[in-house]
Amino acid sequence: MAEYWADKRVVISPDAKTLARSVAKRFVHRVAKRTSRGKTVHVSLSGSAIGMTVLAEAASDPRVSKIDWSLVHFWWSDERFVPRADPERNETQSRAVLLDSLDIPPGNIHSVPASDDGIDLDAAAERYADELDRNSCEEFAWPSFDVCFLGVGADAHIAALFPDRPEIQVTDRAVVAVRDSPAPPSERITMTRPVINSSERVWMVLSGVDKAAALGLALAGASYESVPAGGAKGRRRTIFFVDEAAASQVPPELIDGEY
């Protein structure tokens with residue numbers, strides 16, 4: 001019988017639209033609360049269609065205009081190594097739905113180097129690692145993200161950490177280059193597990209019946225090498241925000257009806 005990790009919780013919404021709206025509301029609330037106290041907030045974004053829908057919903061929240069965005073820093077847990085203006089870049093998509101509408105200093109948006117920046121893939125990964133290092137906190141050699149958003153693939157990958165690949169096993173570097181990615185494009189840049197797991201809160205957002213098996217395996221404590229989503233863990237909270245379609249294999253005792 002599988003052993004389930006009690007510190008991972010699941011919050012279920014009836015459908016994808018309600019899911020995105022709920023997560024966006026929680027996100028804006030958290031950022032508004034911390035910045036109102038003068039605290040700096042680091043947020044790590046990721047790709048996925050549902051992730052972009054969450055950001056789009058956040059952009060429409062009336063509280064956004066009242067937030068002091070000079071205290072907020074945005075990062076990406078992974079990025080496609082394509083030209084900077086490519087619509088496939090996570091940054092390009094994030095800017096279109098949210099970031100470009102914010103009154104935020106340009107230096108607070110920490111973009112991953114692009115393929116047309118004049119450096120190769122390995123140098124780009126090193127440059128992003130240096131950027132993380134320059135923003136390190138006392139406890140870690142990189143920022144401690146208040147919220148780290150992650151999408152989860154049907155194969156249970158997170159960021160650009162794919163099952164049974166060497167990148168998921170790296171613990172001595174903050175950022176690594178990915179070649180021959182199982183999902184196109186073939187070249188990517190990703191944060192490693194130690195950086196993701198330095199986050200106070202890891203929020204994984206999943207929608208659709210094709211994610212049910214991945215969610216079930218992640219909650220069952222499967223090996224993180226084969227099920228990377230199972231190895232993502234926030235220091236304070238690890239929450240799977242899912243719709244009912246993705247929740248078909250979730251044990252009732254892990255469902256959080258209050259968070």
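Sorted largest first by accessible area at a 1.4 angstrom probe radius, with every protein chain in place, the residues Leu217, Leu206 fall in the order Leu217, Leu206. Sorted into 5 angstrom bins from 0, the C-alpha pair distances of segment 85-208 split as 2, 10, 17, 24, 24, 16, 6, 1, 0 percent.
Over all pairs of different C-alpha atoms in segment 1-79, the reciprocal of the mean inverse distance, the Kirkwood hydrodynamic radius, equals 14.2 Å. For Ser207, neighbours were defined as the other residues whose beta-carbon sits under 11 Å from its Cβ, and their charges (Lys and Arg +1, Asp and Glu -1) total -2.
Classify segment 161-219 as rounded, prolate or oblate, taking a ≥ b ≥ c as the square roots of the eigenvalues of its Cα gyration tensor: rounded when a/c is under 1.5, otherwise prolate if a/b is larger than b/c and oblate if not. Taking the square roots of the gyration eigenvalues as a ≥ b ≥ c, segment 161-219 is oblate. Accessible surface comparison of Asp7, Asp172, Asp100, probe 1.4 Å, protein chains only, largest first: the order is Asp172, Asp100, Asp7. Based on alpha-carbon atoms, the Kirkwood radius and the radius of gyration of segment 149-259 give Rg/Rh equal to 0.96. Among the trypsin sites (Lys or Arg not before Pro) in segment 159-221, those placed in a DSSP loop whose Cβ has at most 16 other Cβ atoms within 10 Å are Arg173, Arg179.
With 5 Å bins beginning at zero, the pair-distance distribution over Cα atoms of segment 12-143 amounts to 2, 10, 18, 22, 19, 15, 9, 4, 1, 0 %.
Ligands, DNA and RNA left out, the accessible area of segment 5-87 computed with a 1.4 Å probe is 56% carbon and sulfur.
Once backbone amide H atoms are built at 1.01 Å from N, Val11 has Phe240, Phe241, Val242, Asp256 as its partners under 5 Å, excluding neighbours fewer than 5 places away on the same chain. For Val227, the shell of other residues with beta-carbons less than 11 Å away shows a net charge of -3, using +1 for Lys and Arg and -1 for Asp and Glu. In this structure, Arg84 and Ala49 have a Cβ-Cβ separation that, at R0 = 25 Å, corresponds to a calculated FRET efficiency of about 0.70. Annotation: Cys137 carries an accessible surface of approximately 50 Å², with a 1.4 Å probe and no ligand, DNA or RNA atoms counted.
Solvent exposure of the chain amounts to 43 Å² per residue of accessible area, where only protein heavy atoms count and the probe is 1.4 Å. Taking segment 91-142 on its own, what percent of its Cα-Cα pair distances exceed 12 Å? Roughly 71 percent, once rounded to a whole number.
Phi angles across segment 139-144 convert, under the Karplus curve 6.51 cos²θ - 1.76 cosθ + 1.60 with θ = phi - 60°, into 3J(HN,Hα) values of 7, 10, 8, 7, x, 9 Hz, Gly and Pro given as x. Other residues lying with their Cβ under 11 Å from the Cβ of Val147 contribute a combined charge of +4, Lys and Arg counting +1, Asp and Glu -1.
Of all lysines in the structure, the ones whose alpha carbon falls short of 18 Å from that of Lys33, not counting any fewer than 8 places away in one chain, are Lys25, Lys66.
Figure note: Ile158, Ile50 ranked by solvent-accessible area, largest first, 1.4 Å probe, ligands and nucleic acids not counted: Ile50, Ile158.
Taking only alpha carbon atoms, the chain gives an Rg to Rh ratio of 0.94, where Rh is the Kirkwood radius.
Let me test this: with uniform point scatterers at the alpha carbons of segment 130-203, what is the Debye-based log₁₀ I(q)/I(0) at q = 0.19, 0.22 1/Å? Calculated log10 I(q)/I(0) at the listed q: -0.80, -1.03. With each label modelled as a point 7 angstrom along the Cα→C-beta vector, the Asn135-Asp172 pair spans 2.7 nm.
The values are calculated or read from the model by the stated rules, or taken from the named source; none is laboratory data. Please read these numbers as outputs of a predicted model, since none were measured by experiment. Every residue, glycine among them, receives a Cβ derived from its backbone with ideal geometry; neighbour counts consider all protein chains shown. SASA here: full protein model, heavy atoms, side chains in, ligands and nucleic acids out. Shrake-Rupley method; radii C 1.70, N 1.55, O 1.52, S 1.80 Å.
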